[in-house]
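K.L.:
Below you will find the structure I want to go over with you.
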Amino acid sequence: MDETRRTLILAAGAAALLPAAALADGAPALDPVPPLPTRPTPGKPGDFDFLAGEWKIRHWRLPPGAQQWDRFDGEATCWTILGGVGSVEELRIPARNFSGMGLRLLDVEKRQWSDFWVNAKSGVLAPPGLNGSFEDGAGLFWAEEEEAGRKTLSIGIWDRITPRSCRWRQAVSEDGGRNWAHNWVMEWQRAA
């Protein structure tokens, strides 16, 4: 597992479950995490077409061990590739001297999406951490991981998808999905 992702997952699991009202600095209230599907909807080429283009992004991240959310801005350029079977995201956070690349690929035979990440500092493609599909207009991508006998579920959710905006959020659960702790929220707005 990618070390950055591992740190975020473990930190969120260790942090107290914060209610939506705990988000500060004008962060949006968080919707509950939808239940994981028992039989995911089959993915199809073009599911990520909504993401193609230039974006400005507001981030809220709960740093490891913190009780207060960190707020910062970023930007992204996204492309649809391979006739909609792939989606590439170049994420940039200039104030943090950070960049990375998201790569989402549809396994055409299994009809499920996999989400990969490359941190520009390492240049190493991390194994797919999250797999999933779109359910009722929201992309749900999840993984179950075990470390030191402790199972952690993580989920990435693409929701509030419109032609001009969308939201991505990440949450973790250490009790099989009964309770979730959000640790990252990204509000995407199309660049002018």
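Nothing in this text is a laboratory measurement; each read-out follows from the coordinates by a stated rule. Small disclaimer: the values here were computed from a predicted structure and weren't measured. Cβ atoms come from the backbone with ideal geometry, glycine included; neighbour counts cover every protein chain shown.
K.L.:
Looking only at residues in region 75-85 that are in contact with a Phe, Trp or Tyr (Cβ under 8 Å, 6 or more places away or on another chain) and assigned to a strand (DSSP E or B), which one is surrounded by the fewest Cβ atoms within 10 Å (Cβ to Cβ)? So that I can check it myself, show each step before the final result.
P.N.:
First, pick out the residues of region 75-85 that are in contact with a Phe, Trp or Tyr (Cβ under 8 Å, 6 or more places away or on another chain): 75-78, 80, 84.
Pick out the ones that are also assigned to a strand (DSSP E or B) and you get 75-78, 80.
Details: GLU75: 16, ALA76: 22, THR77: 14, CYS78: 20, THR80: 20.
That would be THR77.
K.L.:
Also, quick follow-up: Quick test of your reading of the structure: GLY139 fulfils all but one of (1) of a type in the set (Gly, Ala, Ser); (2) outside any loop (DSSP other than H, G, I, E, B); (3) more than 12 Å from the chain's Cα centre (by Cα). Name the failing condition by number.
P.N.:
(3)
K.L.:
Given the residues ALA95, ALA148, which is the only one that is small (Gly, Ala, Ser) and within 28 Å of ALA29 (Cα to Cα)?
P.N.:
Details: ALA148 fails: within 28 Å of ALA29 (Cα to Cα).
Being small (Gly, Ala, Ser) and within 28 Å of ALA29 (Cα to Cα) holds for just one of ALA95, ALA148, which is ALA95.
K.L.:
So if I check each of ARG190, ARG150, ARG160, which one is of a type in the set (Lys, Arg), more than 12 Å from the chain's Cα centre (by Cα) and either within 17 Å of CYS78 (Cα to Cα) or surrounded by 19 or more Cβ atoms within 10 Å (Cβ to Cβ) (or both)?
P.N.:
Working: ARG150 fails: either within 17 Å of CYS78 (Cα to Cα) or surrounded by 19 or more Cβ atoms within 10 Å (Cβ to Cβ) (or both); ARG160 fails: either within 17 Å of CYS78 (Cα to Cα) or surrounded by 19 or more Cβ atoms within 10 Å (Cβ to Cβ) (or both).
Answer to the selection: ARG190.
K.L.:
Being assigned to a strand (DSSP E or B) and within 19 Å of TRP142 (Cα to Cα) narrows it down to one residue among LEU103, LEU91; which is it?
P.N.:
Numbers: LEU91 fails: within 19 Å of TRP142 (Cα to Cα).
So the residue among LEU103, LEU91 that is assigned to a strand (DSSP E or B) and within 19 Å of TRP142 (Cα to Cα) is LEU103.
K.L.:
Go through region 109-135 residue by residue and tally those that are within 21 Å of PRO35 (Cα to Cα), in contact (Cβ under 8 Å) with a residue 40 or more places away in the chain and not aromatic (Phe, Trp, Tyr).
P.N.:
Looking only at that region, the number is 7.
K.L.:
Can I ask one more? With the condition kept exactly as written, say whether any residue in region 161-171 is in contact (Cβ under 8 Å) with a residue 60 or more places away in the chain, in a loop (DSSP other than H, G, I, E, B) and of a type in the set (A, V, I, L, M).
P.N.:
First, pick out the residues of region 161-171 that are in contact (Cβ under 8 Å) with a residue 60 or more places away in the chain: 161, 163, 166-167, 169-171.
Going one step further and asking which of them are in a loop (DSSP other than H, G, I, E, B), we end up with 161, 163.
Now drop any that are not of a type in the set (A, V, I, L, M), which leaves 161.
Yes, region 161-171 has at least one match.
K.L.:
Exactly one of (1) within 24 Å of PRO42 (Cα to Cα); (2) of a type outside the set (A, V, I, L, M); (3) not in a strand (DSSP E or B) is unmet by GLY123. Its number?
P.N.:
It fails just one condition, (1).
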